[in-house]
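Just below is one structure, and these are the notes that go with it.
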Amino acid sequence: MIRTIVVEAAYGAPADRVFEQALDVSEMQNAMQGLAIYEGLPDRKIVEGDKLCVDVTFLNLFKSRNHVMYVERLDRGARVVQSREYNPTIKRWDHTLSVQPVTHGCLWRDTIVLDAGATTWLTAWFCRLVYTRRHRMRDADSIRALIVRGDINKRHYQ
């Protein structure tokens, strides 16, 4: 069953600056230090249309090979990045990253729609852990995280 993971982090810096940092691959690798090693990432900022195939080693224990990250949309004006990701064990990892201004800085929201078959529940739990840790490593002022059953992008509210 599909799960949606939402992680929100507040920062005291301007939204434009934080968003530009989010596009920097080396910044992501720094935030993941000690948890994951990415092999095959470019040494530059991501751009719309990028299709990156990487190997990710978590906790120096297990490796996920051929993880494909396709940057479907990068809108600097709206401060939004959407990627479609997958690998041999994860059918769907749709990630939307948004950084929006708030009264005292900005709010960074990661929304991940995940389908990993029978291991979706465990992968969702690990995903929440990973994204929360990324924001801790970035010294976020506050962090909120949740996992919801289904695809929240498909829900209709009345």
Histogram of C-alpha separations across the chain, 5 Å bin width, %: 2, 9, 17, 23, 23, 16, 7, 2, 0, 0
Karplus couplings for region 40-54 from phi (6.51 cos²θ - 1.76 cosθ + 1.60, θ = phi - 60°), rounded to Hz, Gly and Pro as x? x, 7, x, 9, 6, 6, 6, 9, 4, x, 4, 10, 10, 10, 10
Estimated vicinal HN-Hα couplings, Hz - region 93-110 in sequence order (Karplus 6.51, -1.76, 1.60; Gly, Pro = x): 9, 8, 10, 10, 10, 9, 10, 10, x, 9, 3, 10, x, 8, 10, 9, 10, 9
Loop-only check: which GluC sites (Glu not before Pro) in region 1-81 are DSSP coil with at most 14 other Cβ within 10 angstrom? GLU48
THR132 accessible area, nearest 10 Å², 1.4 Å probe? 20
How much area per residue is accessible in region 1-96 when the probe is 1.4 Å and only protein heavy atoms are counted (Å²)? 51
List nothing, just return the count: lysine pairs in the chain, 8 or more apart or interchain, with Cα separation under 22 Å. 4
Relative contact order for region 26-88 using alpha-carbon pairs under 8 Å, separation at least 6, rounded to a whole percent? 25
Residue-normalised 222 nm signal for the chain, counting each DSSP H run of n ≥ 4 as -39,500 (n - 2.57), nearest 500 deg cm²/dmol, is -6500 deg cm²/dmol
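How large a share of the accessible area of the chain, in percent, is made up of carbon and sulfur atoms when the probe is 1.4 Å and the other protein chains stay in place?
Of the solvent-accessible surface of the chain, carbon and sulfur hold 52 percent.
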Magnitude of the Cβ-charge dipole of region 1-109, K/R +1 and D/E -1, about the Cα centre, nearest 20 debye? 320
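The values are calculated or read from the model by the stated rules, or taken from the named source; none is laboratory data. Since the structure is predicted, the reported quantities are computational estimates derived from the model, not experimental observations. In this analysis, Cβ positions are derived from the backbone assuming ideal geometry, glycine residues included, and neighbour counts consider all displayed protein chains. Just so you know, the surface numbers come from the protein's heavy atoms only, side chains and all, with ligands and any DNA or RNA stripped out. Shrake-Rupley method; radii C 1.70, N 1.55, O 1.52, S 1.80 Å.
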